[in-house]
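The values are calculated or read from the model by the stated rules, or taken from the named source; none is laboratory data. None of these values were measured; they are calculated from a predicted model. Quick reminder, even Gly has a Cβ in these numbers, built from the backbone with ideal geometry, and neighbours come from all protein chains shown.
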Amino acid sequence: MRVADARRRMSRNDERILAFLREHLDELAFHTAESLAQGTGVSAAAVVRFARRLGFGSFRELRDRARGDLQAVAGSDGPVPREKAESMLTRKVRRDIENLELLIRTLEAPLRAAADAVASAGTTWFVANRETYGLAVYAQRLMHQVRADVRLVDPSFADPLRALGADDALVACTFRPYARQTLELAAHARSAGARVVMVTDGRSHEFLDAADVVLAVPVESPTLLLSFTAAVCVIEALVAQVAMLDADHTHDMLDATARFVAEQHLLVERPPVLRPPRPGGRHG
């Protein structure tokens, strides 16, 4: 009702916020003005103005109202709206599939360019901070199987990047809210002449001026958290693309790794047989 009354007075930013909330209404109860602004691509001040335009004294008042409505629905025995009846898992899987399908239409050419940058690099560096760091760890662990010199930058100790040069490539992962250190290190890599590949959530960010290749990945999710399902897909596809560019080199790398693992007895061919404990015996 409030939205209908305020619709005629809504700005373009208001419409963007409203469109986002229609897809993520359950999340409103947990957002701050700043986090909602990050999700919609507007300023925190625009979020506050949106709340006031709906008749609330502040964004907090709007959020508290959303929390109250959410608790009321959770404790109600009445009919549940269709979108509420679907499980969170169902809604997330559906959105992840949509995100993955979008990759096919947007990332074929950028992925090839990113693979060329990595394949031609003397050293490939992976950098990320905060929650996104896990993506960089996974990417480095995959890429090291097919390239000889692949390094992961520890967010607490970025000093090794002093050795980065014009023959290198840096793959930087950053998603909202964007980590300042990641952006600064990407800019440093560009100034050093290295090729920079940015894995992020859009193509319109000003910080992308430091990038040679942008892998724009959709991260929208019906949950409170961003979804990195599509990002993982892109990382795996990038490694596979690099591997195919020089099949002989990839074969040699995989063979050398397999021999090293076997010589050092790092893995077992079959899981050990676990015998059940004896009755009354001690558990080891």
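Worth a mention:
- Considering residues of segment 93-146 that are part of a strand (DSSP E or B) and not β-branched (Val, Ile, Thr) only, the residue nearest to Ser221 (Cα to Cα): Phe126
- Residue list for segment 27-70, restricted to those being out of contact with any His (no Cβ under 9 Å at 6 or more places or on another chain) and β-branched (Val, Ile, Thr): Thr32, Thr40, Val42, Val48
- Against the conditions (1) in a helix (DSSP H, G or I); (2) at pLDDT below 90; (3) among the hydrophobic types (A, V, I, L, M, F, W, C), Val268 satisfies every one except (1).
- A single entry from Glu184, Glu220, Glu236 fulfils the requirement of being in contact (Cβ under 8 Å) with a residue 12 or more places away in the chain, outside any loop (DSSP other than H, G, I, E, B), surrounded by fewer than 22 Cβ atoms within 10 Å (Cβ to Cβ) and acidic (Asp, Glu): Glu236.
- Test result for Lys84, at pLDDT below 70, under 30 Å from Val217 (Cα atoms) and of a type in the set (Lys, Arg): yes
- Of everything listed in (1) surrounded by fewer than 18 Cβ atoms within 10 Å (Cβ to Cβ); (2) among the β-branched types (Val, Ile, Thr); (3) not in a helix (DSSP H, G or I), the single unmet condition for Val199 is (1).
- Residue pairs meeting the criteria (Cβ under 8 Å; at least 6 apart or on separate chains; first of a type in the set (Gly, Ala, Ser), in segment 44-58; second loosely packed, with under 12 Cβ neighbours inside 10 Å): Gly55/Asp5
- Entry remark, segment 224-233: residues being touching a helix residue (DSSP H, G or I) at 6+ places or on another chain (Cβ under 6 Å) and surrounded by fewer than 16 Cβ atoms within 10 Å (Cβ to Cβ) number 1 in total.
- Selection status of Gly193, surrounded by fewer than 21 Cβ atoms within 10 Å (Cβ to Cβ), more than 30 Å from Ala37 (Cβ to Cβ), at pLDDT 95 or above and out of contact with any helix residue (DSSP H, G or I) (no Cβ under 9 Å at 6 or more places or on another chain): yes
- Qualifying residue in segment 160-170 (condition: within 30 Å of His31 (Cβ to Cβ), aliphatic (A, V, I, L, M), in contact with a Ser or Thr (Cβ under 9 Å, 6 or more places away or on another chain) and crowded, with 16+ Cβ neighbours inside 10 Å): no
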